[in-house]
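K.L.:
Okay, handing you the structure first.
The values are calculated or read from the model by the stated rules, or taken from the named source; none is laboratory data. Nothing here was measured: the structure is a model prediction, and the numbers come from that model. All Cβ positions, glycine included, derive from the backbone under ideal geometry; neighbour counts span all protein chains shown.
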Amino acid sequence: MKRKIIRNIIVLATISLGGVIATQIYWVTKAFNLQEKQFNDQVQLALNDVVKNILSINHDTYSISNPVKQISSNYFIAQINDTLHPYLLESLLNQEFEKRNLKTDYEYVIYDCFTDSIVFGNYIPLGSEEKNSLAATSDTMEWNNDGHYFGVYFPKKTSYIVSGMGIWVFSSALILLIISFFSYTIAVILKQKRLSEIKNDFINNMTHELKTPISTISLSSDVLISENLQNHPERLKMYAQIIKEENERLKKQVDRVLQMAMLEKEEIQLQNERLNIHELIQRSVNSMEPLIKKANGIISLNLNAKNYFVLGDKVHITNIIFNLLDNAFKYSMSQPDIAITTENKNSDLLIHISDKGIGIPLLHQKNIFEKFYRVPSGDIHNVKGFGLGLNYVKTMIELHNGNIKLKSKEGKGSTFTITLPNINE
């Protein structure tokens with residue numbers, strides 16, 4: 001899928017979801033405000049009726065215009081200035097709230113009209129008949145005196161209103177689920193697109209890498225067929241040697257791909273034995289030394305580890321070291337400058353392979369061990385390889401119960417540190 005199409009899909013989907021979210025927020029807010037207004041109206045009616053009932057019970061003939069005031073979102077005051085007995089008030093409140101289906105916790109407080117001080121209070125949990133005093137009350141308080149008013153506070157008003165908005169809560173949760181699914185889908189699409197690009201890059205590189213030895217073998221074969229070289233044994237030997245070397249090169253490339261396929265299927269069986277790492281490092285260096293000298297480079301060894309024995313597969317450990325040395329050589333800017341250092345730390349052997357090459361940009365360092373991944377550098381064929389080497393290295397080291405870390409700075413070089421568990425000498 002083309003980058004532009006994916007970008008357009010993401011933009012359109014994001015705008016659409018943004019519109020849905022904005023619409024949902026608008027209607028949820030509107031529904032909440034409506035529910036809150038209904039709650040406030042019902043509380044006002046209930047408290048007005050409580051005031052009327054108290055006046056009636058006390059045989060008061062006067063009436064009070066708009067006795068109930070809403071002080072805050074969840075606090076109401078009833079200005080009554082009359083005799084108030086707490087248990088009568090509580091009974092009337094419960095009765096009026098039950099009549100209007102206001103099933104939530106509340107707290108009522110009785111005030112002195114002259115001092116505005118609290119003379120009694122109680123918290124009424126939903127469905128509870130417990131009487132918990134919130135303010136000290138005098139044992140000598142005369143409840144038959146005038147001069148009281150009361151307030152009612154709803155501590156759980158918001159959660160009570162939200163609980164009555166079931167369909168809106170459900171639809172909001174559904175939208176959140178859709179957004180999560182959308183985000184996951186976009187992440188999968190982008191990941192698949194990236195994998196597709198990496199695989200295409202791999203196929204292009206593989207085609208390029210395989211085409212070169214095939215072309216060389218084809219040309220050498222044509223020369224052997226078309227020319228009479230029986231009287232020129234040196235030339236005959238040269239072309240035969242070219243065919244042999246290119247065939248070996250082709251075989252190694254194919255083996256590497258097949259090896260990674262086997263690793264993916266977990267079909268590789270390690271042939272573990274006691275290994276002298278210093279000896280394997282020296283052998284790998286001996287193999288690379290002619291190429292390094294030809295490029296006027298240097299390779300230095302600082303084999304400082306006292307215990308340099310590990311349990312591992314000789315072939316794969318050798319391949320690991322050689323792969324990292326080969327990378328250090330290939331990615332050098334001009335004259336290779338490579339250093340190999342070993343040391344012991346706790347019960348592990350550490351192998352540091354450093355170069356002063358082109359380095360790896362920070363952006364790509366987290367992906368460098370992924371299969372097929374190659375750091376973009378303009379011409380994808382300017383350095384040979386399939387992007388399998390470091391993935392193979394990491395996978396193999398982990399199979400040996402070790403780990404590998406990268407420290408790199410663009411333009412300064414890279415250091416790969418291998419950690420493997422030691423065994424006794």
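K.L.:
Going by what's in this entry, would GLN42 be described as part of a helix (DSSP H, G or I) and modelled with pLDDT of 90 or more?
P.N.:
yes
K.L.:
Return only the number of the condition from (1) in contact (Cβ under 8 Å) with a residue 24 or more places away in the chain; (2) under 30 Å from ILE189 (Cα atoms) that ARG7 does not satisfy.
P.N.:
So the condition that ARG7 fails would be (1).
K.L.:
While we're here: Scan segment 70-80 residue by residue and report those that are touching a residue at least 24 places away in the same chain (Cβ under 8 Å) and assigned to a strand (DSSP E or B).
P.N.:
Answer for segment 70-80, where residues must be touching a residue at least 24 places away in the same chain (Cβ under 8 Å) and assigned to a strand (DSSP E or B): GLN70, ILE71, TYR75, PHE76, ILE77, ALA78, GLN79, ILE80.
K.L.:
Now for a separate question. Can LYS294 be described as loosely packed, with under 13 Cβ neighbours inside 10 Å and within 17 Å of HIS352 (Cα to Cα)?
P.N.:
No: the conditions fail for LYS294.
K.L.:
For segment 248-271, which residues satisfy the criterion of being at pLDDT 80 or above and either within 21 Å of ASP326 (Cα to Cα) or surrounded by 14 or more Cβ atoms within 10 Å (Cβ to Cβ) (or both)?
P.N.:
LEU270
K.L.:
Report yes if some residue within segment 332-339 is closer than 14 Å to VAL393 by Cα and either surrounded by fewer than 18 Cβ atoms within 10 Å (Cβ to Cβ) or out of contact with any Pro (no Cβ under 8 Å at 6 or more places or on another chain) (or both); otherwise report no. Working first, answer last.
P.N.:
First, the residues of segment 332-339 that are closer than 14 Å to VAL393 by Cα: none.
Scanning segment 332-339 turns up no residue that is closer than 14 Å to VAL393 by Cα and either surrounded by fewer than 18 Cβ atoms within 10 Å (Cβ to Cβ) or out of contact with any Pro (no Cβ under 8 Å at 6 or more places or on another chain) (or both).
K.L.:
Filter segment 266-307 down to the residues that are closer than 26 Å to LEU399 by Cα, basic (Lys, Arg) and assigned to a helix (DSSP H, G or I) and list them by number.
P.N.:
Once the filter is applied, which keeps residues that are closer than 26 Å to LEU399 by Cα, basic (Lys, Arg) and assigned to a helix (DSSP H, G or I), segment 266-307 yields only ARG283.
K.L.:
So PHE120 fits all but one of (1) loosely packed, with under 13 Cβ neighbours inside 10 Å; (2) touching a Pro at 6+ places or on another chain (Cβ under 8 Å); what number is the exception?
P.N.:
If we test PHE120 against (1) loosely packed, with under 13 Cβ neighbours inside 10 Å; (2) touching a Pro at 6+ places or on another chain (Cβ under 8 Å), just (1) comes out false.
K.L.:
Please specify each residue of segment 75-104 satisfying the condition of being surrounded by fewer than 19 Cβ atoms within 10 Å (Cβ to Cβ) and of a type in the set (Gly, Ala, Ser).
P.N.:
Matches in segment 75-104: SER91 only.
K.L.:
I'd like to verify a number: residues in segment 322-377 that are assigned to a loop (DSSP other than H, G, I, E, B) and free of Cβ contacts under 8 Å to residues at least 60 places away in the same chain, how many?
P.N.:
The number of residues fulfilling the criteria is 19.
K.L.:
So, ALA13, is that one closer than 21 Å to MET165 by Cβ, surrounded by 13 or more Cβ atoms within 10 Å (Cβ to Cβ) and among the aliphatic types (A, V, I, L, M) or not?
P.N.:
Against the criterion (closer than 21 Å to MET165 by Cβ, surrounded by 13 or more Cβ atoms within 10 Å (Cβ to Cβ) and among the aliphatic types (A, V, I, L, M)), ALA13 does not qualify.
K.L.:
Okay, next question. Any residue at all in segment 58-74 that is touching a His at 6+ places or on another chain (Cβ under 9 Å) and either surrounded by 16 or more Cβ atoms within 10 Å (Cβ to Cβ) or modelled with pLDDT of 85 or more (or both)?
P.N.:
No: zero hits.
K.L.:
May I pose another question? Got at least one residue in segment 81-90 being part of a strand (DSSP E or B) and at pLDDT below 85? Before the answer, list the steps.
P.N.:
Of the residues in segment 81-90, the ones part of a strand (DSSP E or B) are 81-82.
Those still in the list that are at pLDDT below 85 too: 81-82.
The answer is yes; a qualifying residue exists.
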